[in-house]
Each structure stands twice: as C-alpha cells, then as structure tokens.
Amino acid sequence: MKTKAEILDLVEREDVEFIRLQFTDMFGNLKNVAVTAAQLGRVLDKKYAFDGSSVFGDNNTIEEEYYLVPDMDTFAILPWRPQHGKVARLLCDVCDEDGNTLEMSPRTILKRAIQSAKEKGYTFYIDPECEFFLFHTDEDGIPTTVTHETAGYMDVGPLDLGENARRDIVLALEEMGFEIESSHHESAPGQHEIDFQEAEPLHIADSMVTFKSAVKSISRRFGLHATFMPKPKQGVAGSGLHINISVYKDGRNVFNSNDRTEVTEEAKWFMGGILKHVKSMCAITNPLVNSYKRIVSGFEAPQDIMWTCRHRNASVKVRTRLGEDSKIELRFPDPSANPYLAIAICMAAGLDGLERRLDPGSSDVSQGSLPGTLREAIGFLREDTFIQEEFGKEFVQIYAEAKMQEWDAYMTQVSDWEINQYLNRI
C-alpha cells in the first residue's frame, strides 16, 4: 500500500499540479473534485468534505456532509492530460466524520460483497469484456450516431477507422498500470471491444471507472465520440459487458474439472444463484430504458434464462479454453451499469447459489426470458428481498424510485416510430 509520504514525493517528482478525487454515484456516474498539489497533504489526512445529499439522493435520512477518503493505492497519473503540470486521480471512499463508510456508496457495497465472500472462504477474480461505439461529432462538436466505416468483427484497417483511437486508449491504460488482455473491432460498424486481464473485483471495478473516462477523453482527440449506451443504433448489435468470473477456495478454482467436458457441481450451483436472481439483477446490470432494446432476438444478445457451454442466447455460459482456468461468463450485463454494483450483485448471487446448492436446471431457477423493459426489471428488484439484504433497503428504495422516474419520463415521449406508424393511418 502506498503511503502519504510516497504519494507526496511522487507528485513533486512528476510535476503533478492537480489531483482529481473521484467516486461514483449509485448510477455509476463519475464524480470529481480537483485539488492542487499544495492541498493534497490535507486531503490525504481525510479532510475533504462535500454535500452528500446532492449525490446520493434527496432523502432526509442522508446527512448533508460527508468526506472523501482517498484510497492511496489508486493514485495514478492520467497520461492523456497535459504533461507539463500533470493531472492525477485518486479514487475515494465516501465516509462520515467518524471515518465510517457510507453504506449506500457503490464502492462500499462491493467491499462488503468481497468481505462476505472472504468470510465464506472464497476469492473472486474478474475479467470483463467491454464494448462501446465510436461515432463522429458534427461541426459544433455535438455527438452523432454517424460512422463512416463498414468494418465488422475483428476487421482491420483501412476498414477499421477507429483502430488508431483504440490503440491510443490501450497504450494510455497500460501506461497507468492496467493489464489489457486484448482489443479488437466488434461486429457492428463503429463498435469496439477492450478486454481486461483478470484481477480482484475492487481493482477491476476501479479500473473500469477510469477506463470509461479514458475512452471518452482519448476518442475526443480523434474527433470521435465514445458511448457506452447499450443500443445506440437500430439494426445492428448492441454493446455488452461480459463479466467472466473464476472463484477459488483453498487455492483451487472450484469451476475447474479434471475432465474438460464436465461441469463441476460448484459451477452449476454458482450459475443456479445467478439464474435464480437474474430478473431482479437486471435492474442493476442493465439499468437503462435503452438496455432492453439490446436484449432482442437476432443480434447475439442473451434472452433466455438458462446456462450453456455454447449457446449465444443463454444468459450464463461456462467458458473453458485450453491452458486457462474455467470461468463463468455472464453475457447479459451491459456497459451502462455501475461496475461496483454489477460486480457486487454477480458475486452475491453466485455465492447464494453455492451456499444453497441451487440447481440451474430446476423449474424455479431457469424461468423463461430476461425482463423486456426497465419497468419490469425494477418490479423484480423491488420483490427480491435477497438484493435488499445485500445492498440495503434504503439503497434499493432510492435506486428503484429514480429508475421508475426515468421510465415514466420515457413513457411520456412520442417517438418518430409512433409518428411514422400511426399519424397517417389512425
């Protein structure tokens, strides 16, 4: 763990002038306050206060003043910012004046899930595959959904017009110490994927928060707008966030089998937990109105609440590759999810399956299809007492109410499709 003295020395040696104190709200939006190098010593002594009610919901049970407590291991210089008078970031925990972490903070929720797993003897490793689109901006710099390329899955330049931007993104992330496994063009024009090397859950969630910021900032240099919107264009595949999970107990990956054609009981139970709770999990892992326009037939997105070793439309997949440990791949999440919450709920649901030895093939676990709308997913979330126990009733209440307001606002809109379909005929 880095010490205060080490960070202050690094700031001086590297000519860092601004340090961004970062955290996310419950919806995964990155929040930020910048302090100068001269103020950093005070901040590292846990002295930066802010108004929590404006971030975590207008609720009178939330005290107004909270403190940002930097995690000193997350100090990193942002290579896409100026190299004279550099900018660095520190990810922070949100605490009260006594140093107690805010129970509703997404980073705290993930830490609780990790601690719960540890108490039960389990260690998790996560490697996400994150998809996104690169679109052009107009003459005023406003994002569009226009791309001039026609590249498809794993195509290269000159078909892949975004390869230079993608290369610079990967190089910048590696300069920050990220371990990137691979990157490539995805199936839709303008769509890209970057895959992370596996790591512990908190490290991956922290990395993904910075990853999204890096992708957007670096793409802008190329006159492009990066979006993690799940389905920005009709008629093409949407963007997913495949979450690969391996679980260890007593130094052994419980998903590994001596026979590669067999699936371990632990892997089945873990998948049973995911499938048992997946309908309510979707409100967390697929949190937008737009998320459910990705989960439709014909575009390789999962719809069925089932597990498989091969089938693309399954929500959960057993992944076995030569020379690698076996993993459970969750194919339903999308990149608009808050990484802390998405990873936390996937861990918790899988552990529930392991503890209760849930059969993923039983009729009360594998049930039909994923929710078809955000409203439907919120309904399942409100009914799932398990998630309320994991995240806290207050968190679920505030989150669900905010998402229902989002749904209600959507339902008041009149779309171009409705005008084209009904105006002349009705």
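The values are calculated or read from the model by the stated rules, or taken from the named source; none is laboratory data. Predicted model, so just to flag it, every value in this text is computed and none were measured. Glycine also receives a Cβ, built like all others from the backbone with ideal geometry; neighbour counts cover every protein chain displayed. Accessible surface areas use protein heavy atoms only, side chains included; no ligands, DNA or RNA. Shrake-Rupley method; radii C 1.70, N 1.55, O 1.52, S 1.80 Å.
See the values below:
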{"item": "Residue that is surrounded by the fewest Cβ atoms within 10 Å (Cβ to Cβ) [pool: residues in segment 361-386 that are within 21 Å of A314 (Cα to Cα) and among the hydroxyl-bearing types (S, T, Y)]", "result": "S363"}
{"item": "S326 out of contact with any Lys or Arg (no Cβ under 9 Å at 6 or more places or on another chain) and surrounded by fewer than 24 Cβ atoms within 10 Å (Cβ to Cβ)", "result": "no"}
{"item": "Residue ID - most open to solvent (accessible area, probe 1.4 Å), chosen from residues in segment 186-245 that are closer than 15 Å to D334 by Cα and polar (S, T, N, Q)", "result": "T227"}
{"item": "Residues of segment 104-146 that turn out to be without any contact (Cβ under 8 Å) to a residue 40 or more places away in the chain and in a helix (DSSP H, G or I), as a count", "result": "4"}
{"item": "Contacts under 6 angstrom Cβ, first residue in segment 356-377 being within 25 Å of A402 (Cα to Cα) and in contact (Cβ under 8 Å) with a residue 24 or more places away in the chain, partner open to solvent by 20 Å² or more (accessible area, probe 1.4 Å) and β-branched (V, I, T), 6 or more apart", "result": "L374/V289"}
{"item": "Filtered residue count, segment 26-74, keeping only those that are of a type in the set (S, T, N, Q), touching a helix residue (DSSP H, G or I) at 6+ places or on another chain (Cβ under 7 Å) and modelled with pLDDT under 90", "result": "2"}
{"item": "Residue satisfying all of: in segment 80-122; open to solvent by 70 Å² or more (accessible area, probe 1.4 Å) and polar (S, T, N, Q); nearest to G350 (Cα to Cα) among these", "result": "Q115"}
{"item": "A199 vs. criteria within 26 Å of T308 (Cα to Cα) and in contact with a Phe, Trp or Tyr (Cβ under 6 Å, 6 or more places away or on another chain)", "result": "no"}
{"item": "Search result, residues across segment 67-115 that are charged (D, E, K, R) and within 21 Å of F50 (Cβ to Cβ)", "result": "D71, R89, D93, D96, E97, D98, E103, R107, K111"}
{"item": "Scope segment 392-419; condition β-branched (V, I, T), out of contact with any helix residue (DSSP H, G or I) (no Cβ under 8 Å at 6 or more places or on another chain) and either open to solvent by less than 70 Å² (accessible area, probe 1.4 Å) or outside any helix (DSSP H, G or I) (or both); matching residues", "result": "I398, T412, V414"}
{"item": "Criterion (out of contact with any Pro (no Cβ under 6 Å at 6 or more places or on another chain) and either hydroxyl-bearing (S, T, Y) or under 29 Å from R89 (Cβ atoms) (or both)) met by exactly one of K216, K249", "result": "K216"}
{"item": "Residues within segment 189-203 that are polar (S, T, N, Q) and not in a strand (DSSP E or B), tallied", "result": "1"}
{"item": "Residue, most open to solvent (accessible area, probe 1.4 Å), within segment 294-316, restricted to residues that are over 21 Å from A188 (Cβ atoms) and of a type in the set (D, E, K, R)", "result": "R310"}
{"item": "Within segment 339-392, considering residues that are under 23 Å from the mean Cα position of the chain (by Cα) and of a type in the set (K, R), the one nearest to I295 (Cα to Cα)", "result": "R375"}
{"item": "Verdict on E300 being touching a residue at least 24 places away in the same chain (Cβ under 8 Å), on the phi > 0 side of the Ramachandran plot and of a type outside the set (V, I, T)", "result": "yes"}
{"item": "Qualifying residue in segment 253-268 (condition: at pLDDT 95 or above, charged (D, E, K, R), within 17 Å of the chain's Cα centre (by Cα) and surrounded by 20 or more Cβ atoms within 10 Å (Cβ to Cβ))", "result": "no"}
{"item": "Considering residues of segment 397-424 that are small (G, A, S) and without any contact (Cβ under 8 Å) to a residue 24 or more places away in the chain only, the residue nearest to F380 (Cα to Cα)", "result": "A409"}
{"item": "Any hit, segment 330-348, residues being of a type in the set (S, T, Y), outside any helix (DSSP H, G or I), touching a helix residue (DSSP H, G or I) at 6+ places or on another chain (Cβ under 9 Å) and at pLDDT below 95", "result": "no"}
{"item": "Conditions (1) at pLDDT below 95; (2) aliphatic (A, V, I, L, M); (3) not in a helix (DSSP H, G or I): number failed by A88", "result": "(1)"}
{"item": "Odd one out for E389 among (1) open to solvent by less than 90 Å² (accessible area, probe 1.4 Å); (2) part of a helix (DSSP H, G or I)", "result": "(1)"}
{"item": "Total residues in segment 300-312, condition within 17 Å of P371 (Cβ to Cβ) and of a type outside the set (V, I, T)", "result": "5"}
{"item": "Breaking point among (1) buried (at least 16 other Cβ atoms within 10 Å of the Cβ); (2) in a loop (DSSP other than H, G, I, E, B); (3) small (G, A, S), for A172", "result": "(2)"}
